[in-house]
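The next block holds one structure in the form of structure tokens; read it before the comments.
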Amino acid sequence: MYAFNYHRAKSVDEAVKLQKSASEGSFLAGGHTLIPTMKQRLAKPSDVIDISGLKELQGISVAGGTVTIGAATRHGDVANSPEVKKAIPALADLAGHIGDPQVRNRGTIGGSLANNDPAADYPAAVLGLGATVHTNKRAIEADKYFKGLFETALEQGEVITKVTFPVAEKAAYMKFPNPASRYALVGVFVAKTKGGVRVAVTGAGPGVFRSADMEKALGASFEADAVASIKVSSKNLNSDIHASADYRAHLVTVMAKRAVAKANS
Amino acid sequence: MAASGIGVSVRRVEDFRFLTGRGNYTDDINRPNQLHAHILRSPHAHAKIKKIDASKALKGPGVAAVFTGADIEKDQIGGLPCGWLVTDRNGQPMVEPPHPVLVADRTRHVGDQVAVVIAETRAQARDAAELVKIDYDEQVATVGLADATKKGAPLVWDQAPGNICYDWALGDSAVVDAAFKTAAKVAKVDIVNNRLIPNAMEPRAAIGDYDLAKGNYNLYTTSQNPHVIRLLMSAYVLKVSEHKVRVYSPDVGGGFGSKIYHYAEEAIVCWASRKLGRPVKWTADRSESFMSDAHGRDHLTKAEIALDAGGKFLAMRVVTVANMGAYLSTFAPCIPTYLYALLLAGTYTTPAIFCEVKAIFTHTVPVDAYRGAGRPEATYVVERLVDEAARVTGLDVAEIRRRNFIPRDAFPYQTPVVVQYDSGDYQSTLEIALKTADYSGFAARRAESAKRGKLRGLGLSTYIEACGIAPSAVVGSVGARAGLYESGLVRVHPTGSVTILTGSHSHGQGHETTFAQLAAERLGVDFDKIEVVHGDTDKIPFGMGTYGSRSLAVGGSALVKAMDKIIAKGKKIAAHLLEAAEADIEFKDGTFSIAGTDKKKTLAEISGAAYVPHNYPINELEPGLEEQAFYDPTNFTFPGGCHVAEIEIDRDTGVVQLVSFVAVDDVGRVINPMIVEGQVHGGVAQGMGQALLEGCVYDQKTGQLVTGSYMDYTMPRASDLPTLKVSTHNTLCTHNPLGVKGVGEVGAIGSPAAIMNAVHNAVAPFGVTHVEMPATPERVWRALQSAPKAAE
Ligand SMILES: Cc1cc2nc3c(=O)[nH]c(=O)nc-3n(C[C@H](O)[C@H](O)[C@H](O)COP(=O)(O)OP(=O)(O)OC[C@H]3O[C@@H](n4cnc5c(N)ncnc54)[C@H](O)[C@@H]3O)c2cc1C
């Protein structure tokens, strides 16, 4: 790790100001992505601006068919929240399968979405449920938020403040963990929502994506069998020592099937 | 039996300090005024070093020095020695290249040590390391074992054409060939013993502290065998007198073999400490461990077995290519030869065996012993062959084993591969294991799994292993450049409490408990009055350390010898005090008495008399009660056993889950059943890792270590294991005083084969006959995808 200046921001506004005045300022939430990269000397921020304690970024609430989660809410709090468990059990379930207890006790939803790791879990829920990412500047629809490998719609000086999830009629997430890291080798989130069926796939490609074919098939019949013969193309999928693109494509179908079965159970 | 004696599950005395953070590991130690070293490692698998410019780094804050291979050469620091010379099939010595502690002109694996930066803090050393400019001329690397011997493959060493370190063979090929000609059936396997990265919980660390006042070197290090390090480092590397070097290995957080070897960093910190006049500390981070600790396994093997019409094994032929990595680590050459080929008889009566082993250099981290060392590799070959033999003959996997076991009454049993087994009861072990595993109920369980869409498989491994490698003269005759005895010293204090000093080293095994139990039993001393000391060359007699499951069989035997000397001397003192003939004195439960009378003296009274010799046979006997012994075993010990694994495969994903595991091991006499069970648990976890999860991957072109962190190298987790059913069925070792055999490695030796046999059993209905180890989800899925049959 290189030396850096540490700031504990008192508000989102102050955090943004601090970042602006730094030569290279990084927000710090749970630190479970930022700190490992700094330790490996891959990230070299001049200033680290801690936003993890900000009140305005905390908390979970459910009202009017919407689950609202503050950006600095930890994975473990989402996993164990009775409100989330009741409103969107699939979301609590997903959060409960991120990393290990240490990671869940520190990592936050805002950090996960800002980072947009192609193998992260939350992006599948955000895209799969058609959630909205709120920032200090605007509200961004899920479909416009994710821009591929570690890329998002966030601009310089933009802080995620909360995420709002519409409650779905049915939803489920199935994750095939990378055997070593336990990130998602393939994760599929299916949701039957007011606006139709949504299927979001994480881990398999360079970023989270929707499967139109699966959505169409499930729109006609929300049954596991409906997706059993639908295969996503392996053309743009990831390939590494844990899984070839072909195998990932196959796993997308298997996980989708299982997610639908779980959503129906 | 004493309350805390042999056979009692005494709670481990070590655990309080380990579990409450009071252990004292090398990195916990800080010497006054110490500096910190950072090793600059090669980012390339193979490169020429054109130029190193440290001028900027030297100006960095807190930097004390930057040393390179040129400084090492200038100071005539020697290379790391290899402790075993293998002679090839033509009587020629192996190719033994130099192994400099800092390379001067060429790097030979990613992680090879190129320079050391020493500064006031660890962070400053690391910062300055980035300022060292190294001009590399990258060369094509030889990475994969399969390609290393091909024509045109880049040479790791010019003196090793074809990258061959040695081409070794054991056995009579003509006899084996003849047997194959008469065979009714032949079974073959073509298998990979996957390369593993050790991953002890504690990374390696070393502090060199040169004492200017006395001219002594003090080395604190994470070693399994401090005396071996002292000998190698003083005699071959630093070239200083051995009595001026102290090596201290305090608590060590796991070794699994990877901390046997003398590593460059140990010599670097000592040498640098002398040069700089200050202590120098180095602690590896995890990424460094991945690319600088010696790896394990890494064999390619083609093997076949000839059978008669009744399924009896007639002969076996094994051809293995073994990876040495870029340099010869301390014991590397003996692992795929004397710790491998000598085990190929397994638990069977196979009369003729021929084995060829080519050891190969590649541009990868050196490969050496890792828990099991050679024996898991051999077991995997033999036990996979046996299952293949069952398949081609149509015999049940248990039945074919029964037909070929060495019978219980055939011991001592001379195998065709040099070694002579002393004891064993293989068939009973098998039957107990089958019963425990409910072998007869397997078909029903398989059907039940099928209902859930799972493929169930059961696999056996009736393995043999060899511990306490010995005797010294024999291992010396086959190339060992060391003896393989152990030392022990027993000090009875004036008030009767006891300190035991052992040349063995405990790095998780619990010697402080087990060895104290030996003394509690033999000397009748309260367990609480016994202290076990190890790991300090200034305190303990020259010892060979801990590896190869040797500590109890060899180190424990040395302690028994020393205790017997204490008892013999005690009898003399007691005879004097009790005014009796020495021959009439008996010793039992800590008390010397005149046989048949109630006249007696406790051990404490005897030691009191020995240290305060007022009434003492001073003319015949020296005062004091302290005895030392060295024990050189007359043979290996041969633990064995039967492991039964049951796995389920998720048909859709290929995921293999171990659902049941039974181990019935023969480890000789059990001193502490709880520790034995714990050792088997840990070993099985590692064996499961080898079978299903772990595999070191290098980029085959660039030689970059792809599995360089836990993001990509899959370690076993608790959730990967079922509750293990572990028990023993023991026959005693016939040639050591305790009858013990060793338990440190059996779990890792027997289990990979059992698990892989279970995987093959599960996919057999589809006509799949080969799944590579580790049986990762994609491999299993692919095997099923391309299966010849649809099954059922
Ligand atoms: C061992 C381990 C295992 C893991 N396993 C998984 C897993 O299985 N699945 C998974 O999904 N993730 C996994 N993670 C990642 C984990 O979920 C991280 O916590 C998460 O990706 C980042 O969240 P954070 O709060 O820790 O962010 P930080 O590390 O603090 O920040 C990450 C990035 O986001 C930025 N940032 C943080 N908060 C905001 C905000 N509110 N607005 C704008 N930018 C912000 C930071 O500036 C930084 O660039 C794992 C991590 C570890 C260490």
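Read-outs: derived from the displayed coordinates by stated rules, not from any lab. In this text, all values refer to a predicted model and were calculated from it rather than measured experimentally. Here the Cβ is made from the backbone with ideal geometry for all residues, glycine too, and neighbour counts use every protein chain on show.
One table, with the values for the structure above:
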quantity	calculated
Residues of segment B:600-617 with amide N under 12 Å of the 7 Å Cα→Cβ point at B:E582	B:617
Of A:K86/B:K451; B:K51/B:K151; B:K239/B:K358; A:K147/A:K235; A:K39/B:K48; A:K10/A:K162, those spanning more than 23 Å from alpha-carbon to alpha-carbon	A:K86/B:K451; B:K51/B:K151; B:K239/B:K358; A:K39/B:K48
Distance (nanometres) between label positions extended 7 Å along Cα→Cβ at B:T634 and A:A261	6.3 nm
FRET efficiency, 1/(1 + (r/R0)^6) with R0 22 Å, evaluated for B:E399 and B:Q657 via beta carbons	0.20
Listed residue pairs exceeding 24 Å between alpha carbons, taken from B:K59/B:K214; B:K565/B:K600; B:K275/B:K539; A:K17/B:K56; B:K59/B:K275; B:K281/B:K701	B:K59/B:K214; B:K275/B:K539; A:K17/B:K56; B:K281/B:K701
For segment A:5-50: rounded, prolate or oblate by the Cα gyration tensor [a/c cutoff 1.5]	oblate
Net length gained if the chain between B:K56 and B:D526 were fully extended (0.36 nm per residue, minus Cα distance)	163.0 nm
Helix-only mean residue ellipticity at 222 nm for the protein assembly as shown, each DSSP H run of n ≥ 4 adding -39500 (n - 2.57), per residue, nearest 500	-8000 deg cm²/dmol
Equivalent ellipsoid dimensions for segment A:1-83 as semi-axes, Å, which come from the Cα gyration tensor, largest first	28, 16, 8
Spatially proximal aspartates and glutamates relative to B:K454 (Cα-Cα < 14 Å; intrachain offsets below 8 disregarded)	B:E646, B:E648, B:D650, B:D652, B:E792
Within segment A:97-164, trypsin sites (Lys or Arg not before Pro) in DSSP loop having at most 12 other beta-carbon neighbours inside 10 Å	A:R138, A:K147
Approximate spin-label separation B:D538-B:E130, in nm, with each point projected 7 Å along Cα-to-Cβ	3.9 nm
Magnitude of the charge dipole, segment A:170-264, Cβ model with Lys/Arg +1 and Asp/Glu -1, debye to 20	300 debye
Computed E for A:E24/A:N80 - FRET, C-beta separation, R0 30 angstrom, nearest 0.05	0.25
Degrees, to the nearest 10: A:12-21 long Cα axis against longest axis of chain A	70 degrees
Rough spin-label spacing in nm, given labels placed 7 Å along Cα→Cβ, for A:A228 and A:T66	4.0 nm
Chain lengthening between B:A718 and B:A3 when straightened (0.36 nm per residue, less Cα-Cα)	254.1 nm
Residue order, fewest to most beta carbons within 10 Å, for B:T602, A:T108	B:T602, A:T108
FRET efficiency, A:K235 to A:Y6 (Cβ-Cβ, R0 45 Å, nearest 0.05)	0.50
Residues listed by number, segment B:287-322, amide nitrogen under 15 Å from B:V392 label point at 7 Å toward C-beta	B:302-319
